[in-house]
Amino acid sequence: MTNYFQVFDLAPRVAIDVADLQARYEQIIILCHPDKYAGAPAFEQRAAAKRAADVNEAYEVLAHTVARAGHLLALRGVDIQSLERQPASPDFLFEQMTLREEVQMLNTLTDAEAVALSERITTAYDDAKNKFAYYFDADDLAAASSAWVELHYQHKLTDELSRAKRQVS
Amino acid sequence: MLLQISEPNGPNENSRARKLGLGIDLGTTNSLVAIKMSDVAHVLTDKEGQALLPSVVNFGAEVTVGHAALELAVVDPENTIVSAKRLMGRSRDDLNKNQQRGLIDADRLAFATRQGHKTPVEVSSEILNVLAVRARTLLEAEEDGVVLTVPAYFDDRQRQATRQAAELAGLNVLRLLNEPTAAAVAYGLDEHIEESDVIAVYDLGGGTFDISILRMERGLLRVLATGGDSALGGDDFDEMLVDWMCERWGLSVLTSVQRRRLTSLARSVKERLSETDGVAIPGPAELVGLPDLSLTRKQFHEISAGLVARTLDACKRAMEDAGVSQVAHAVLVGGSTRMPVIRDAVAAYFGIEPLCSINPDEVVALGAALQADVLVGNGNGEEALLLDVIPLSLGLETYGGLIEKIIPRNSVLPLAKAQEFTTAKDGQTGLVIHVLQGERERVEDCRSLARFELTGIPPMVAGAARILVTFKVDADGLLEVSAREETTGTEAVLVVKPSFGLSDTEVASMLRSSQENAAEDMQARQLREARVEAEALLHSLAGALAADGDLLGVAERGALEDLAAELLAVLDAVDIESIRSKTDQLGEASLVFAERRMDRSIQSALSGVAVSQLESLE
């Protein structure tokens, strides 16, 4: 499988500088987009189109924390698709459900309560990210895989929170 | 031997001459053609000096397009097709009662006219043909290719239908370009827009609405998000006024002549309200005894509030998708943005006075012409690269009528994405792949693009087969889907085609009949094109070898030079096939070389990044 970090000449780590990634992406895509091969022979245009699609895919994956973390695991041979179907621990799921219910009730909360909920969810997401990075850097793939499942859930929750916030405003 | 070709007097000189790329804006209400000449894009006008060609076609005793057809629309509505763009790539279920008027009673959407059944694709191709002929007459030369604009929010079927209309008109399509992106190209980094500015392009045309959020850079114009409604435009404001008038006048049933009459009255009321605060609306003479009505701009704002709010909802979502909370500029595009109600709403929503220094009717065609000039091969490499996105998510039907999204909306083009699926039952030998486009979760709420079957999977236990479905979307936003069973290599590939347009055979036979009369012999034309392609390849390879020959081993270089010599040897022959096959062979063989060169340029660009990073740390 393609190592997307190599595409941008970056070290394979979950913590990356997103602005730096974007700068690298923009520089590379300008060099391989098929439009920059207008007037070139057809085969060169095809090669460029294929490369541009690969670069776009690599950027798309690295730009998003959960996908980037998943790619790190996949590079180490973890089957991400089956990991996605794997349930998290009952305690964790129960906590997620409780938080989700609170998010759905966002419009009934006081401002202070809403801020507290928002902070709790953001902190939990950051914790999950750090936990993944810790186990991954320590080369504990099993623990990193479980951490990734939690990160996946926490990310969905932050998504739902921002959607709920938009609806309230 | 190869190097001779890159010398100034080589046979390639002709193909390096300036080429002609046209930009065509195929609009719901009006269409235009433009070209870049001496660094500036110009719209091309007809004999009367008019740039706008009404997108109206009359299929009466003969085919009439444009202003003359618009006049016939009132006296001969049955044979006159207006706003055909609204039906491009659509099926009957997508249309309201008004839009179904005049259509034949069949699965395929077509109008019954004196000249027989005409599909929206055929109507559009008549309009494109008139614009191309206008350009050829003025330029006294045939164009090399066209950039055709489409609403950013067009789905795959609408894009396919548009491309087919161009093929039917015999045009070489360089690119389908999104209308708001074309407008952004026309503005470029002008005196108002500075580097790194995020801008919103609000494009309300006759029948479609687009909103695109872009970031403008030197060297790069990147669409961050796009949104809209491909069935919302100035026409809807007219229809709303017709309903309002009917209600006031107590009219319930209208003949098609009366409806056309009221629609054109509504349009003129709308246009006059852009100039004045209130207008009197006299009852049409053919409907005796109706009292005069009056309408103020304020009343018009009130009755159109619902339509305006729909555009602003789309703006809100696009801003969220783009991850921005404010923009440096809002650009107005499309004739319908002349309405003060729109200008006020855009100014209030974005909190800035909108930009409209380029004529909103022409800006899309002008931008298309600039991009056509680049894509036809006249560029110097300094032009900004356009990075556009797919407007609507793509997915597959899974169990229970649900959709699994494979490609989310606003993904950057071109793209290729593969996803693995498996069988649900023991011994299952086939799999239906149903491709859909849209944001909703259920199959019935999204646009069905194609349904095909992968057969011949060897019987295995449920979950053992590994079926890889690959979506490829090119820079035009056009989709190709393929499926492959990994353990056995069973394969099915499908280019998604509009099922309500014309079949390939129909297009081919229509093209043949039109080309039989063409002055140029097909054979001669094909030979010329094959030679040009071959020469371009030899030329580019010679240049590449001179610049980066060290990337090849001696044997690799020798193999390429042998193939190049073989191609050169057949170049003067009249055998098209041998020129083509030698060109293909050489092209295939040079692929690895092309990829290594791309790697080298990327590596050197990245080391540039690394150096600038270090500098910024110091």
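Per-structure values
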| quantity | calculated |
| --- | --- |
| Candidate set from segment B:218-243 (those that are aliphatic (A, V, I, L, M) and outside any helix (DSSP H, G or I)); member that is modelled with the lowest pLDDT | B:231 |
| Tally, over segment B:24-45, of residues that are in contact with a Leu (Cβ under 7 Å, 6 or more places away or on another chain) and not polar (S, T, N, Q) | 11 |
| Residue B:470 being surrounded by 12 or more Cβ atoms within 10 Å (Cβ to Cβ), over 30 Å from residue A:30 (Cβ atoms) and more than 22 Å from the chain's Cα centre (by Cα) | no |
| Some residue of segment A:58-70 being surrounded by 12 or more Cβ atoms within 10 Å (Cβ to Cβ) and among the polar types (S, T, N, Q) | yes |
| Candidate set: segment B:139-182, residues that are in a loop (DSSP other than H, G, I, E, B), farther than 24 Å from residue B:233 by Cβ and not polar (S, T, N, Q); chosen: the one nearest to the chain's Cα centre (by Cα) | B:171 |
| Sole exception among (1) of a type outside the set (S, T, N, Q); (2) buried (at least 20 other Cβ atoms within 10 Å of the Cβ); (3) modelled with pLDDT under 90 for residue A:28, by number | (3) |
| Selection count, segment B:395-421, where residues are in contact with a strand residue (DSSP E or B) (Cβ under 8 Å, 6 or more places away or on another chain), away from chain A (no Cβ under 14 Å) and either free of Cβ contacts under 8 Å to residues at least 60 places away in the same chain or crowded, with 23+ Cβ neighbours inside 10 Å (or both) | 5 |
| Qualifying residue in segment B:128-138 (condition: under 16 Å from the mean Cα position of the chain (by Cα) and part of a helix (DSSP H, G or I)) | yes |
| One residue from B:93, B:107 being assigned to a helix (DSSP H, G or I), modelled with pLDDT under 95 and exposed (fewer than 14 other Cβ atoms within 10 Å of the Cβ) | B:93 |
| Sole exception among (1) assigned to a helix (DSSP H, G or I); (2) farther than 15 Å from residue B:372 by Cβ for residue B:195, by number | (1) |
| Test result for residue A:111, acidic (Asp, Glu), farther than 24 Å from residue A:143 by Cα and modelled with pLDDT under 90 | yes |
| Restricting segment B:510-538 to residues that are under 24 Å from residue B:125 (Cα atoms), modelled with pLDDT of 65 or more and surrounded by fewer than 13 Cβ atoms within 10 Å (Cβ to Cβ), the residue that is farthest from the other protein chains (Cβ to nearest Cβ) | B:522 |
| Pair list, Cβ under 7 Å, 6 or more apart: segment B:98-116 residue over 21 Å from residue B:254 (Cβ atoms), other residue assigned to a loop (DSSP other than H, G, I, E, B) and at pLDDT below 70 | B:108/B:500; B:109/B:500 |
| First in segment B:551-567 and over 16 Å from residue B:594 (Cβ atoms), second anywhere and basic (Lys, Arg) and surrounded by 15 or more Cβ atoms within 10 Å (Cβ to Cβ), Cβ under 8 Å, 6 or more apart | B:566/B:582; B:567/B:582 |
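The values are calculated or read from the model by the stated rules, or taken from the named source; none is laboratory data. None of these values were measured; they are calculated from a predicted model. Using ideal geometry, Cβ is built from the backbone for each residue, glycine included, and neighbour counts are taken over all protein chains shown.
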